[in-house]
Amino acid sequence: MSEPETESVSVTESEPDLRPVSAIRTVACIGAGVIGAGWAAYFLARGLRVRAWDPAPDAEETLRRVVDAAWPALTELGLAEGADRDALTMFPTAAEAVAGADFVQESAPEDLTLKRSLLAELADAAVAAGPDVVVASSTSGFPMTDMATTAAHPDRLVVGHPFNPPYLIPLVEVVGGERTAAWAASRAADFYRHIGKSVIEMERELPGFIANRLQEAIWREALHMVAAGEATPEEIDRSITDGPGLRWPVHGPCLTFHLAGGRGGMAHMLDHFGPSLKAPWTRLEAPELTRELRDDMVAGAEVSAGGRPMAELVAERDRAVIAVRRAVAAARQTTVQTTVQTTVQTTVQTTGQTTGQTAGETAR
């Protein structure tokens, strides 16, 4: 990615006296699009106050509409004590929104030039707001090192990449840039965990992070198959929802292939099927997005939607995600209980046998 013509001189701070993350009670949501509004809904559901800013003239109306639409799903999952969807205030500038915040979540459009200028402004505002206020970016692909080049306080900036919708999908990928303070990255990760997120703290920067790179690999192959007339979008969707997608809420791709190896596990899987890894199954590079391919994808998506409005599809997705999360949690809990019961029974039986043997030996 290209560097800006000039870079500001950064000011590196020493580690401040950090408040516990439970003291984070107010979050500034900068950007109120799909991701930013989803974050706002989640923060509100966790009992936090939200100070928001977005330059769009209808931003507040859009934001409140998303929060209202998400609230039934959040209520079903369980609201935190004191959760209030009205604990939301819009501000005329980003700096004013950050001024009263304990944590900042930036969700502006995925434009590198915009991100650089906005994050530099937010970092300055965060320093003014408090000694331990961190700015996390929802970027879906830019490394923080590339986004923080013009920031005077890059140590406050970290990536906190969510998945859509942020109010339902628990994963957040956290990774700092070359000049991010270690305490800032750790604080962001700890805060996300505190409010119920599943956090991956990445050890190094990687464009696109982890999950998006895996997601994009599937997307590239889907586009190739549609472009070559090998499959329709509906067939591709069904191949996942009725196929490997059913396993993924429980086991990711690595553990799935470990199980596929049978008793030999991953070792057998790689030894037996290793040569096929070089088979020409993947095209790797994305196909050219021609007008024809675009039209095929749009038409296919409309077929899959079956004429249902977006609001209905979103509601269906939310219900399904909740059901999947609950089903997986219940299955895991049952497994834990069964394991504990088996362990206790085995221990009791072993203890009984040992006691009996000891008594017999004593009698003899």
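Is it fair to say Leu114 is within 30 Å of Arg326 (Cα to Cα) and in a helix (DSSP H, G or I)?
Against the criterion (within 30 Å of Arg326 (Cα to Cα) and in a helix (DSSP H, G or I)), Leu114 does not qualify.
So, Met225, is that one on the phi < 0 side of the Ramachandran plot, in contact with a Cys (Cβ under 9 Å, 6 or more places away or on another chain) and surrounded by 14 or more Cβ atoms within 10 Å (Cβ to Cβ) or not?
no
Under 23 Å from Glu302 (Cα atoms), charged (D, E, K, R) and either touching a Gly at 6+ places or on another chain (Cβ under 9 Å) or not assigned by TED's automatic domain parsing to the domain that holds Val172 (or both): does that describe Glu205?
When the stated conditions are applied, Glu205 does not pass them.
Restricting attention to the range 116-144, and to residues there that are polar (S, T, N, Q) and in contact (Cβ under 8 Å) with a residue 40 or more places away in the chain, which single residue is surrounded by the most Cβ atoms within 10 Å (Cβ to Cβ)?
Only one residue fits best here, namely Ser138.
Is one or more of the residues making up the range 322-337 at pLDDT below 80, among the β-branched types (Val, Ile, Thr) and within 23 Å of Glu230 (Cβ to Cβ)?
no
Limited to the range 187-210, what total is found for residues that are under 27 Å from Leu79 (Cα atoms) and modelled with pLDDT under 95?
Residues in the range 187-210 being under 27 Å from Leu79 (Cα atoms) and modelled with pLDDT under 95: 0 in total.
Inside the range 125-150, can you point out the residues that are under 21 Å from Ile35 (Cβ atoms), assigned to a loop (DSSP other than H, G, I, E, B) and of a type in the set (Gly, Ala, Ser)?
Answer for the range 125-150, where residues must be under 21 Å from Ile35 (Cβ atoms), assigned to a loop (DSSP other than H, G, I, E, B) and of a type in the set (Gly, Ala, Ser): Ser138, Ser140, Gly141, Ala148.
The values are calculated or read from the model by the stated rules, or taken from the named source; none is laboratory data. Model, not experiment: these values are computed from the prediction. In this analysis, Cβ positions are derived from the backbone assuming ideal geometry, glycine residues included, and neighbour counts consider all displayed protein chains.
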